[in-house]
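Computed from the coordinates by the stated procedures, all read-outs in this text should not be read as laboratory data. The structure displayed is predicted, hence computed values, not measured ones. For neighbour counting, all protein chains shown are included, and Cβ atoms are generated from backbone atoms with ideal geometry for every residue, glycine included.
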Amino acid sequence: MSSSPEVRSWRTYLLSSIGSALTVTQFIGFFFFYNPSGLPALRVIGWMVWAVSLIFGIYPVYFLRRKGRVPQGKSYMHTTVLVDSGLYAIVRHPQYLAGILLNLGLMLISQHWLIVVLGAPAMILMYVDILNADQHEVEKFGDEYRRYMQTVPRVNFILGIFRAWQRGKPG
């Protein structure tokens, strides 16, 4: 039995808000809680993950505005066409992926239990946001988005790169 759109919207907003609050708290806590005896290799991997998160987080701001036929004066998120090129040919939700990678990167860099306790549920709630976003996009773009979902993974960018490479290979 599915919930009414109003209930679903309220629950979605609440879960998203909790996830955002956890991420902000984790980010602030990152500056205060740091395990100096942590593993240097994990710290390096954490910085690399964090750098990749910047790409997935910033790129869509410019790309959606350019390719998404955003009405004048509206946010880059108010696209009127389905964008399936650039990073969107690799993952359907690059900015959510950026948030997940940011949480992971902060955990690996700080290597402090509190940062992990804040980041892990934030990552799970971001994934729930992704599921809700897919549902919203199906409602907005219909079968075109359903076909897109079959081709491009939600956030698995390694699989997405492989699939994009396969699509570009001469057959």
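What to note about this one:
- For a paramagnetic label modelled on Thr80 (point 7 Å from Cα along Cα→Cβ), amide N atoms under 18 Å away belong, within the range 135-171, to 140-142.
- Span-like helix criteria (full DSSP H runs; alpha carbon extent of at least 20 Å along the helix axis; mean Kyte-Doolittle hydropathy of at least -0.5) are satisfied in the chain by 5-30, 40-67, 94-110, 113-141.
- Dipole-positive endmost among Ile124, Leu22, Tyr148 within the chain (Cβ charges, Cα centre): Tyr148
- Linear extension gain, Ile161 paired with Ser16, 0.36 nm per residue minus alpha-carbon span: 49.4 nm
- Extension gain, Leu131 back to Ser9 (0.36 nm per residue minus Cα-Cα distance, nm): 42.6 nm
- Extension gain for Arg66 to Trp113 (0.36 nm times residue separation, less C-alpha to C-alpha distance): 12.8 nm.
- Cβ crowding within 10 Å ranks Phe32, Phe141 as Phe32, Phe141, fewest other Cβ atoms first.
- Helix-derived mean residue ellipticity, 222 nm - over the chain, DSSP H n ≥ 4, -39500 (n - 2.57), to 500: -24500 deg cm²/dmol
- Among the listed values (i) 34; (ii) 23; (iii) 39, the one computed from these coordinates for percent of Cα pairs over 27 Å apart is (i).
- Rel. contact order, % - alpha carbon contacts under 8 angstrom, at least six apart, the chain: 30
- Cα→Cβ-extended label distance, 7 Å offset, between Val24 and Lys169, nm: 4.6
- Electrostatic dipole magnitude of the range 5-168 [Cβ: Lys, Arg +1; Asp, Glu -1; Cα centre; debye, to 20]: 380
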